[in-house]
1. Hey, could you check the range 60-98 for residues that are among the polar types (S, T, N, Q), in contact (Cβ under 8 Å) with a residue 24 or more places away in the chain and touching a helix residue (DSSP H, G or I) at 6+ places or on another chain (Cβ under 9 Å) and say which is nearest to residue 49 (Cα to Cα)?
2. Report yes if residue 77 is hydrophobic (A, V, I, L, M, F, W, C), in a strand (DSSP E or B) and either over 21 Å from residue 119 (Cα atoms) or in contact with a Gly (Cβ under 9 Å, 6 or more places away or on another chain) (or both), otherwise no.
3. Which one of 89, 51 is within 15 Å of the chain's Cα centre (by Cα), closer than 21 Å to residue 9 by Cα, surrounded by fewer than 17 Cβ atoms within 10 Å (Cβ to Cβ) and of a type in the set (Lys, Arg)?
4. How many residues does the range 44-62 contain that are under 18 Å from residue 92 (Cβ atoms) and in a loop (DSSP other than H, G, I, E, B)?
5. Counting only residues that are touching a residue at least 60 places away in the same chain (Cβ under 8 Å), surrounded by fewer than 16 Cβ atoms within 10 Å (Cβ to Cβ) and of a type in the set (A, V, I, L, M, F, W, C), give me the strands (runs of 3 or more DSSP E) lying completely in the range 1-43 with at least 1 of them.
6. What number of residues within the range 63-74 satisfy the criterion of being among the hydrophobic types (A, V, I, L, M, F, W, C) and not in a strand (DSSP E or B)?
7. Which residue, of 120, 124, 107, is over 15 Å from the mean Cα position of the chain (by Cα) and surrounded by 15 or more Cβ atoms within 10 Å (Cβ to Cβ)?
8. Return the pairs, sorted by first residue and then second, in which the second residue is small (Gly, Ala, Ser), the first residue lies in the range 99-124 and is in a loop (DSSP other than H, G, I, E, B), the beta carbons are less than 6 Å apart, and the residues are 6+ apart or on different chains.
Amino acid sequence: MGLPKNLKYDRNYSWVDVREGIATVGIIEPAAKKVKEFVFIALPEKNSQIKKGETYVSLEAVKWSGHLPSPISGRIIDVNSPLFDAPSKINSSPYESWIMKVKISNENELKELMNSEEAERFYEVKK
């Protein structure tokens, strides 16, 4: 599968890049490629609070639609608003097309995220 080793992963196809208390969150490549092309995205609101498990993004593709739960709790400090007009960027470059940046409020939640090797094993079993 070849997930980037510098990122963390949750069990719902999200990647997390943590730097200085800020979590940048997006969708892993295997999930983005599986649906072919996203045609609609509902982004979270900047400056809103989010709790782990709450929906952070709603997506629609030609033959799929769904919501992804946030892998982390905190205050959303930024959203990638250009994705609203071009959600298919997630499909072509999922690790550059982050969805939100969160000021982490509970560092303990980071312990529940998987490293790349753990995530690859988990996603292979989940197929």
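Derivation of every value follows stated rules applied to the coordinates shown; laboratory data play no part. Note that this is a predicted model, so its numbers are computed, not measured. Backbone-built Cβ (ideal geometry, glycine too); neighbour counts: all protein chains shown.
1. The residue in question is 73.
2. yes
3. Going through 89, 51 in turn, just one is within 15 Å of the chain's Cα centre (by Cα), closer than 21 Å to residue 9 by Cα, surrounded by fewer than 17 Cβ atoms within 10 Å (Cβ to Cβ) and of a type in the set (Lys, Arg): 51.
4. Selection size over the range 44-62: 1.
5. By residue number, 22-27.
6. Number of matching residues: 1.
7. Criteria check complete, one pass: 120.
8. 99/26; 105/73; 105/74; 106/73
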